Structure formats: structure tokens, C-alpha cells
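Participant: Below: one structure in C-alpha cells.
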Amino acid sequence: MRRSLPRDLSRQALAHLRHMAPAVPTALACAALTALSAKSAQAQEAPKDTSTSLPAITVTAPAERQGRASISGLGDTPAWQAPLQASSFSREALQNAQVTRLADLTKLDASTTDSYNAVGYWDALSIRGFTLSNAYNWRREGLPINAETRIALDNKSAVELFKGTSGMQAGVSSPGGLVNLLVKRPEGRVRSALFSVQDSGAILGAIDLSDRFGPAQSPQAFGLRINAAAERLATHIDQTRGRRQLLAVAGDWVVSPDTKLEAEFEHSTHSQPSAPGFSLLGDRLPSAKGIDPGINLNRQPWTQPVIFRGDTATLRWTQALAAGWRSTVTYGEQRLKTDDRAAFPYGCSTSGDYTRFCSDGSFDLDDYRSNNERRTTRSLLAQVDGQVDTAGVRHGLSFSVLRNLHATRVGNSAFNYAGTSNISGNFAPVDPAPDLISPAATRREQTTEFSARDSLTLTEATRAWVGLRHTRLHRGLTPTDGSTGASLNDNVTTPWVALGHTIAPQTQAYISWGEGVELMSVPFFHYPAYANAGAPLPTIKSRQTEIGVKGQGAWSGWNLQWGVNAFRITRPQDTDVNGDYVIDGSARHQGIEASWQGRQGAWGLFGSAMVLDATRRGSTQAGVNGQSPINVPDSVLKASGSYAFTAPVAVVAQLDLVHEGRRWVDAANTVRLPSWTRTDLSLRHTQSVAAGQAVTWRLGVSNLFDVQAWREASTLSGHTYLFPLMARTVTVSAQLDF
């Protein structure tokens, strides 16, 4: 299946030690120098300050939803005091909200919406109207990963969302924000088994085992956690049965009260035919109620599944130093293999328009095959954190060095016209066209990022934050057809500043400003093809200003957290101008967000809302300035309410409401998708079966009222696709904790 990002990938996998070697001394030096200075300071001290020791091993259940995230880089700063917008959703919160894939995060946060989320394909998200780059905007344990794959959630303890220009958190990324995945670590004794079934035919079995052990003198020194899952995949869309597996192991060793080593590894596979979207019929928007959402346009005798295989691992050393300082060195590696295949609907050759289907419902059907795609990412991060006091001002300091290497390697692919089909669902077989004659480009990237951050406590009520990240980057592309490649070398610096003032108890007003930078390339998959397909464009900077008020506390018996903020993001726009792919003007997204969560007795309420105005500015093209980008809703509301009944049976009922406003389908802003609202319902009951053993039963119904609507109108390779809401789906599960 084609993607909006260029398929520019590398000639060969990176040589691990040869290319990581220059990074290792640089990264370790950061930790080593701090250790030496700490020892020097320690020699001048009286008895050792035991407050620097690593925390004792305890099992603490985190809040299901939090208004902060570790990826923000602000440490343990309380949610109400952080001058930014971030969220963290625990594994339990994801289960209770029926989140089974990362694309389902769109039901939990108003700023997060779909951006080409097809069944059987990788997850793609948009934050504040900007599509996140799957190559640059995803993190795992704080390290860069490539999300051009299907990521399992079974072994994830939480998913974090950071919203806004991310220049302080990432050297290269698109401006919407970041997604960070936290892995389940050894906690103590955990014995859990899960079994679930769907009315679509999907069946899942999973286990989660954890324990701590060690010699008599240190009985809790070692920890081990194992997660495994196997699932038969199925949806209410035709011909989407598949399978997936996961095996993940995490361990740690508390060497001493000051030293901890952690390691983890996961292997996953996901095999499932994809289900591409529908489209405009000429200039007409088809009725979502007039089309069967179960039709799969990728249904031919020669259709093959998309297969994702992934191996990911991290190794971390945490060292408590003197005077409250701490160093952390983390190495991560990810290896992905993909076989990407589809009978893919693309455009209308009879009218010469490859942005939509023909007016009579027919479309061109292409045979798309790209086998044995390889993606490798290696990262080494060294970081030191601590506090110092100078002239009555407390500084929370953080310094880091990140070395990241990425290579993507593909060969020629098939992207060939095979015939025509139509949206009726009565498909006539067409002959395959599997010749691998479409060139691509390999991509090889190296970045080194130096970051410094200071959190200043100016007075009891006023705090400031200052940060700077300097990125040295190299990017090389080599076409598979033997033509001349291209490269880019650059140095960019992205600052970030914020000021916060406590205006009432546990209530802060703040203002922040920051920059981000991203790498763009001329798309490979486009018709007609660009002469410089795959070539990197100049680095572009985005800028964001944000102002807001956040707070927490008690009110009329409710424990509340809340916030409201306004933001403006300006990003240069890459686009086609008269057959050339260039930077042309900018996109400005400005909006207002609000969030709240509260608990009182048996009640729990969560919600967020966003109103967004997105427009093009400064374009050289006639009729573009003032227009809104495709697939950006003008308003979004996500709300969730739960109530714990005690009689006649102890049951927690949760109702989730998702509302997304209107959005444009075409660049000229002549066709608009109507707004839509979906309701999900879930019930859960925990039953004690023996001492220390319990079964949690869950019944979930997504799209309770079986609403039929177009949920998104995303673009891929210049073509606009319409995806319907999934039909009502019922899931029943049992989780045994023993």
C-alpha cells in the first residue's frame, strides 16, 4: 500500500559497531564526567547522602490517566505545574476504553485524530491537525523508533502523548507532537492471563508474568517479566482475517542501592490483508449510509496479507550520584521487516484524475507489492540530571547526548495497473501485474543531538524553563534504478522557553514558545513521477506559541484536574507546484484545547475538547491561501464517564463519547465531510474466586448505535481516501489474576 512519506530507503543495513563506535565515547562521556565530579564532591562531604539512592522496589498502581508524560522531559513536575500539554494512559485505562491498537488513541484525546488508519496496516495519528511522521515522531522508552510497522500493546505499561512542537524532545520530528511507549517492567509478583473473543471472529489469548528473586542477602535484586500473546485477527470487513504473535521479556538487576541495570526484548509478527479506503466519486461525496462498511476493495484472488515482523530491545544503566544527581545511559535497537502487498484502488484514468474515483463508482486497481523491506534503528542516549542552587534560584538541570542511526532498505516494487473495479462489492477478478519495475530509494540517516535544559524556581510562585537542542544530521538517498543519489548535511538548533506563575493554590498560568525541525523529501510514489523523486528538501522549522492555565484540587467533593490553553503552530508546507515538489508557503494551525478529569465516590469523568482553525498562508499558487488542509476537523470532543454500581452486582459501567466536527475532503475546499458522533459502552466486573485470585469480566460494545459515517478523509500519494466508521463490534473478555 502506498504511503504519503517517500519510500526513500538505505542501500544496506548499518554496520552496528563501526557506526555506533563514534557515539559511544561521546555519550558515555556525559555520564562519566558527571560521575567524576560527583566523586570529587562526595570526597568533600560528610557521610554519604542516602537520598541519592535508587528507590526501593515497590509495586504502585499509577493513575489510569495522567496529565503529564515522561517524554516531556520535565521529570516529576506535577501535571498542573508543567507548562505544556501531555497525557499518559496506563494499560488498565487502555483496556477499559477498548483500545486494542495505537489508532484507537483517537478516542482518548481530543487533539488526536485519524490520519489514514486502515485495517491491516500500520497506525497513523494526527495531533493538532498535523500528521505525525511514522519515521520521526515515535519513541519507545524515550528512544527514537520507526513506527512503519504494527506495534503490539500487550507488553506496554502506558502510552504517552506529547502535544505541540517537539524541538526540545526530538531533534527531528513533525510539529504535532510525540507518542512514547513505556514497556512493562518487573514489579513484583504478577500472574495474569487474558482471553477475549469478538463477534467478528477475533480471538486473543495473552499472559503476563512477573516476579522478583535473588540470594538471601539480596532477595529482591533480580526481576523478570514475561508477556506473550497470540491472536486470530478478524473484523467486520471482508477478507481481513489474519494472525499476530508477541513474545516479550524484561529483566533488571539492582546491583546496589545506587546502581540498576535493565534489559528488555520483544519479538512480534502481524499478518493481515489490508482494507483501503473509499473516495470521492468525481466531485460527489458518496453517502456513508449508502455504502456497506464491510466491503474490502482489496479483494482479488491474488490478494496477499501485509506482514510486519519486528525485533526491538533496550539496555539501560541508571546510576545515582552524589548531591542528588543521576545518570542514565540507554541503548536501543529495532529491526523491522515488512512485506507490503495490496490490490490497491488509485484514481480514475478515464478522467485523468488520480485524486479520487470515477463519478460512476469505478476506479483503477493497481497491483502493489514491496517485499522484504528492511528498517533498522539504533540509538544511544546518555543523560545526567540534578539540581543546584545559585543566588537563591534553584536550577533543575538536565544534559543529554543522543546518537541515532537509521537505515531503510528496499528493492524495486510492483506498482502496476491491473484493471478496474468498483465500489459495489461485486468485484470481477482482474489479472495480477506483479513485475517489480517501480524504483524506490534507500535511506541512511545519522543524527547527533546535544540537549541542555534548566528548570528555574525563581520564587515560590514563579518558575521558568529554558532549553536548547542542537542537532547534527546527515541524510543520504540512493535510488534503486542506478540513478544519481542525493545527500543532505546540516546543523540545526531548536530553543524552547516557558514561564509559569501560580495564580491560586495548585493553579498555574503559563506561556511557552519553541521551535521544531523536520526533514522532508520529494515523494517517490506519485503520478506522474517527479524528476527528482526521493531527493531531500531543505530542512524546515516550525514554531509554536502556547498560553494556558492548569490546575488541580477538590471542589464540591470532586478531586479534579483541569486545563485550558490556546496554541498557534506555523509550519512551512511541502507540496506540488506545477509539477515540481517544493516548499511553498506555510500552514498555520491555531486553536483552543480544554481537558478535565475528576472522581467523586463511584463516579469518574474524563474529557477533552479542541476547536481548531487551520489555513494555508504565503503560497505562490492561486486559490490556495486561506484554504484549510484536508482531513483536519474544526472541532473535536472526547468524553468518558464511569459509575461503579454496588447492587445488585458490583459492576463498573463506562460510556465513551467521540465527536469529530466537519473537515474538508479536497484542497479547493469544495467538499466537506459532515460531523459524526460515536458512542462506546463497556461493563466490567471483578469476581473473587480464591484467596489472592480474581477474574475480571469485561463486555465492550464499540459503536453502540451502529452509526454509519465517514470518520476521516486522509490523503496518500496525492489520493484522498474515505474511511467509514467500523460497524458495531462486541467484545467479551476474562482476565484471571492468580
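The values are calculated or read from the model by the stated rules, or taken from the named source; none is laboratory data. Bear in mind that the values here come from a model prediction, so they are computed numbers and not experimental data. Using ideal geometry, Cβ is built from the backbone for each residue, glycine included, and neighbour counts are taken over all protein chains shown.
Participant: I'd like to check something: does the range 603-622 contain any residue that is in contact with a Leu (Cβ under 7 Å, 6 or more places away or on another chain), assigned to a strand (DSSP E or B) and either at pLDDT 95 or above or not acidic (Asp, Glu) (or both)? Outline the logic, then answer.
Facilitator: To start, the set of residues in the range 603-622 that are in contact with a Leu (Cβ under 7 Å, 6 or more places away or on another chain) comprises 609.
Still in the list and also assigned to a strand (DSSP E or B): 609.
Filter once more, keeping what is either at pLDDT 95 or above or not acidic (Asp, Glu) (or both): 609.
Yes, the conditions are met somewhere in the range 603-622.
Participant: Would you mind telling me which numbered condition in (1) more than 19 Å from PHE278 (Cβ to Cβ); (2) out of contact with any strand residue (DSSP E or B) (no Cβ under 7 Å at 6 or more places or on another chain) THR447 fails?
Facilitator: With respect to (1) more than 19 Å from PHE278 (Cβ to Cβ); (2) out of contact with any strand residue (DSSP E or B) (no Cβ under 7 Å at 6 or more places or on another chain), THR447 is out only on (2).
Participant: Does THR355 satisfy being β-branched (Val, Ile, Thr), surrounded by fewer than 23 Cβ atoms within 10 Å (Cβ to Cβ) and within 25 Å of ARG299 (Cβ to Cβ)? Don't jump to the end; show me each part of the working.
Facilitator: Values: β-branched (Val, Ile, Thr): yes; surrounded by fewer than 23 Cβ atoms within 10 Å (Cβ to Cβ): yes; within 25 Å of ARG299 (Cβ to Cβ): yes.
It is true that THR355 is β-branched (Val, Ile, Thr), surrounded by fewer than 23 Cβ atoms within 10 Å (Cβ to Cβ) and within 25 Å of ARG299 (Cβ to Cβ).
Participant: Return the pairs, sorted by first residue and then second, in which the second residue is part of a loop (DSSP other than H, G, I, E, B) and surrounded by 18 or more Cβ atoms within 10 Å (Cβ to Cβ), the first residue lies in the range 295-313 and is hydroxyl-bearing (Ser, Thr, Tyr), the beta carbons are less than 6 Å apart, and the residues are 6+ apart or on different chains.
Facilitator: THR303/PRO273
Participant: Let me ask another. Could you go through the range 689-705 and let me know if any residue there is of a type outside the set (A, V, I, L, M, F, W, C), surrounded by 13 or more Cβ atoms within 10 Å (Cβ to Cβ) and part of a loop (DSSP other than H, G, I, E, B).
Facilitator: yes
Participant: So, one more: Just a yes or no: is a residue in the range 228-241 within 30 Å of ARG403 (Cβ to Cβ) and outside any strand (DSSP E or B)? Please lay out each step first, then the result.
Facilitator: Filtering the range 228-241 down to residues within 30 Å of ARG403 (Cβ to Cβ) leaves none.
Looking through the range 228-241, none of the residues is within 30 Å of ARG403 (Cβ to Cβ) and outside any strand (DSSP E or B).
Participant: Related question: May I ask you to verify whether GLY188 is within 25 Å of the chain's Cα centre (by Cα) and of a type in the set (Gly, Ala, Ser)? Don't jump to the end; show me each part of the working.
Facilitator: On the way: within 25 Å of the chain's Cα centre (by Cα): no; of a type in the set (Gly, Ala, Ser): yes.
So GLY188 fails the test.
Participant: Find all pairs meeting these conditions: Cβ atoms under 6 angstrom apart; at least six residues apart or on different chains; first residue within the range 624-636 and without any contact (Cβ under 8 Å) to a residue 24 or more places away in the chain; second residue surrounded by fewer than 21 Cβ atoms within 10 Å (Cβ to Cβ).
Facilitator: Correct list of pairs: GLY626/THR615.
Participant: Related question: Of the residues ARG335, ARG375, which single one is surrounded by fewer than 19 Cβ atoms within 10 Å (Cβ to Cβ) and within 30 Å of ASP252 (Cβ to Cβ)?
Facilitator: Working: ARG375 fails: surrounded by fewer than 19 Cβ atoms within 10 Å (Cβ to Cβ).
One residue alone meets the criteria, ARG335.
Participant: Hey, another quick one. Does the range 500-521 contain at least one residue that is under 29 Å from the mean Cα position of the chain (by Cα) and assigned to a loop (DSSP other than H, G, I, E, B)?
Facilitator: yes
Participant: Return yes when ASP367 is surrounded by fewer than 17 Cβ atoms within 10 Å (Cβ to Cβ), under 30 Å from ILE295 (Cβ atoms), of a type outside the set (Ser, Thr, Tyr) and over 22 Å from the mean Cα position of the chain (by Cα) and no when it is not. Quick ask: steps written out before the conclusion?
Facilitator: Numbers: surrounded by fewer than 17 Cβ atoms within 10 Å (Cβ to Cβ): no; under 30 Å from ILE295 (Cβ atoms): yes; of a type outside the set (Ser, Thr, Tyr): yes; over 22 Å from the mean Cα position of the chain (by Cα): yes.
Criteria not met by ASP367.
Participant: Taking the range 647-669 only, how many residues are under 19 Å from LEU612 (Cα atoms) and of a type in the set (S, T, N, Q)?
Facilitator: Count: 1.
Participant: Still on this model: Return the residue satisfying two criteria in turn: it lies in the range 173-188 and is surrounded by fewer than 19 Cβ atoms within 10 Å (Cβ to Cβ) and modelled with pLDDT under 95, and of such residues it is nearest to SER133 (Cα to Cα). Break it down into steps so the answer makes sense when it comes.
Facilitator: Looking only at the range 173-188, we keep the residues that are surrounded by fewer than 19 Cβ atoms within 10 Å (Cβ to Cβ), and these are 185, 187-188.
Add one more test, that the residue is modelled with pLDDT under 95, and what stays is 187-188.
Numbers: GLU187: 33, GLY188: 37 Å.
Filtering the range 173-188 for residues that are surrounded by fewer than 19 Cβ atoms within 10 Å (Cβ to Cβ) and modelled with pLDDT under 95, the one nearest to SER133 (Cα to Cα) comes out as GLU187.
Participant: With under 26 Å from GLU660 (Cβ atoms) and in contact with a Phe, Trp or Tyr (Cβ under 7 Å, 6 or more places away or on another chain) as the only criterion, which of ALA147, ALA110, ALA103 stands out? Before you say what the answer is, go through the steps one by one.
Facilitator: Working: ALA110 fails: in contact with a Phe, Trp or Tyr (Cβ under 7 Å, 6 or more places away or on another chain); ALA103 fails: in contact with a Phe, Trp or Tyr (Cβ under 7 Å, 6 or more places away or on another chain).
Only one candidate qualifies: ALA147.
Participant: Residues THR408, THR457, THR447, THR420: which one is of a type outside the set (Asp, Glu), surrounded by fewer than 17 Cβ atoms within 10 Å (Cβ to Cβ), touching a Lys or Arg at 6+ places or on another chain (Cβ under 8 Å) and modelled with pLDDT of 95 or more? Can you show your working first?
Facilitator: Numbers: THR408 fails: surrounded by fewer than 17 Cβ atoms within 10 Å (Cβ to Cβ); THR447 fails: surrounded by fewer than 17 Cβ atoms within 10 Å (Cβ to Cβ); THR420 fails: touching a Lys or Arg at 6+ places or on another chain (Cβ under 8 Å).
Unique residue meeting the criteria: THR457.
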